[in-house]
1. When the residues of segment 256-285 are narrowed to those that are under 21 Å from residue 345 (Cα atoms) and in contact with a helix residue (DSSP H, G or I) (Cβ under 6 Å, 6 or more places away or on another chain), which ends up modelled with the lowest pLDDT?
2. Go through segment 108-133 and give me each residue that's at pLDDT 60 or above and open to solvent by 20 Å² or more (accessible area, probe 1.4 Å).
3. Could you check residue 400 against (1) within 22 Å of residue 340 (Cα to Cα); (2) charged (D, E, K, R); (3) at pLDDT below 90 and say which number it fails?
4. Of all the helices (runs of 4 or more DSSP H) wholly in segment 394-470, which have at least 1 residues that are within 30 Å of residue 344 (Cα to Cα)?
5. Sort out which residues of segment 135-154 are open to solvent by 20 Å² or more (accessible area, probe 1.4 Å), over 15 Å from the mean Cα position of the chain (by Cα) and hydrophobic (A, V, I, L, M, F, W, C), and write them in order of number.
6. Residue 337 is checked against (1) in a strand (DSSP E or B); (2) open to solvent by 20 Å² or more (accessible area, probe 1.4 Å) and fails just one. What number does that condition carry?
7. Which residues, taken from segment 383-435, are hydroxyl-bearing (Ser, Thr, Tyr) and either open to solvent by 40 Å² or more (accessible area, probe 1.4 Å) or under 29 Å from residue 361 (Cβ atoms) (or both)?
8. Against the definition (in contact with a strand residue (DSSP E or B) (Cβ under 9 Å, 6 or more places away or on another chain) and touching a residue at least 12 places away in the same chain (Cβ under 8 Å)), how does residue 169 come out, yes or no?
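The values are calculated or read from the model by the stated rules, or taken from the named source; none is laboratory data. Here the structure is a predicted model, which is why all the values come from computation and not from measurement. As a convention, Cβ positions derive from the backbone with ideal geometry for all residues, glycine included, and neighbour counts pool all protein chains shown. With ligands, DNA and RNA removed, areas are computed over all heavy atoms of the protein, side chains included. Shrake-Rupley method; radii C 1.70, N 1.55, O 1.52, S 1.80 Å.
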Amino acid sequence: MSGKYIPPHMRNKVESKESISNTPQRRKSGHSNLNLSIPEILSLPCPSRCREWMEVDEKVCMHHEYYTTTTTQVLADYFSSSAEFLDWLRVKRQPGDGNYHINCCFEKRIKDIKKTDDNHDVRYASLQDGVKDLFNRFLRYAADIDIGTGYVNSALDIANANGCFSFLDLGFAPGGMSELLLDIHPSVRGIGVNLDPNKGGNVYPKSMDDIVDLDGNPRFKVLTNDVVELARNKDIDIKNYFEDMPIQAGFDLVIVGITTSGSNQKKVDEMDELELKNLLHFSQLLLAFRHLKSGGQILIRMHLGLRLVDIHILALLLECFTGNFKFTKPLTEFAMRKTYWMRLEGFNPSADAVARLEQLIVAGCPAPYAPISRDDPNLLNNPILVTDSIEVLLDKYGTKMLQILNEMWKQQRSVLDGIMEGLTDRVCFRCRKGCRPCQKCRNVVLTTVLRAVHNVGLRLKQTHKNLLME
């Protein structure tokens, strides 16, 4: 094959790509405008993929209107002292938001939905016949997160020191993290909370073989429930779910990983999706704070952005966990997403932390995020997770935030650069099974992703038994 290698999924789009303003030739001129000021960057219009959420004469959708708030301006001004932040923001907002390859990534999300016989939309992750591939995929993702945060070795150290270790995995299915933890030591016990797959939750292995059997493992209990309802019911004590041996003092570790995406659901109002995403975060944090033991740990998926709620969640964690922390951006899955993971030690909550979270999840109360008002642009994303003003908050935690976010901005910028050039963040199915990528993946997959896949393969060879489902 002569000329530049074109990935198979792109070969039928070459002609249409030439008609879009984001071809490589046009994109080069976009980089010449990366010296835009912070206010100019924040005021850029939404990309074309947001048009379905906007009126004809609108330039910004509700999902991105937080860019226009004065609070976002304060955050951007503070973080602008970081070259990593400026590089990330400028590429993300322009030309990243309008790049052809970036938009293609969003279009592919519809493949996550399957039509049932009665013509209902069902997520592939909710179908039991795909549990093997789903489990293996998320086991690798769990191993990738462990490489960066060390949650498994931390559990082993505690189990060796205390003779036991307990964890609560919120949204555990398909079970990769739980299985890694259960494998590390015979005294490890865990409880996994999962939404019923018939209501949109992920499936998990059920008595399929002797290697992976979360449903039949005596050291693991499955609690099928909605985390929002669990958080709203103060009478439910998950620690007592092991009836023969309740976890008295609280869990050593709580895993907070549930989120939602519009790509996984029928089309809903954008603000409704935002509210659900925030409600899930608050509910999980509340369950974690209620059930962690003093000095315990949290492993949590975080969002890399300028929404005030994301900054407040990070500030709340830094306020309530006084020990060491580690952070990582796993690349074997969801590399393009603005997400990263943190493990924080030394749970020591402030006196009113639980009460603040309870106020945000009460059924029927006014939403904590009011739609933006043209008269008062500060209403959107105005949580009460942290009572300090944004200026005081940054004065308290800004240095630690930059320590965490600088590396995450750098990695996210690297991923965006590669995808905008036509590379992909996913290896082929065959390469997921081994440590060495094929020639095709070497040509079309981001180098950082290939390295992560290799490291995950090595990590999974260190388990006591083969956890991958054959």
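1. Per the stated criteria, the residue is 258.
2. Of everything in segment 108-133, those that are at pLDDT 60 or above and open to solvent by 20 Å² or more (accessible area, probe 1.4 Å) turn out to be 127, 128, 129, 130, 132, 133.
3. If we test residue 400 against (1) within 22 Å of residue 340 (Cα to Cα); (2) charged (D, E, K, R); (3) at pLDDT below 90, just (3) comes out false.
4. Here the list reads 429-432, 447-460.
5. Correct list: 147 only.
6. (1)
7. Once the filter is applied, which keeps residues that are hydroxyl-bearing (Ser, Thr, Tyr) and either open to solvent by 40 Å² or more (accessible area, probe 1.4 Å) or under 29 Å from residue 361 (Cβ atoms) (or both), segment 383-435 yields 387, 389, 397, 399, 414.
8. Criteria met by residue 169.
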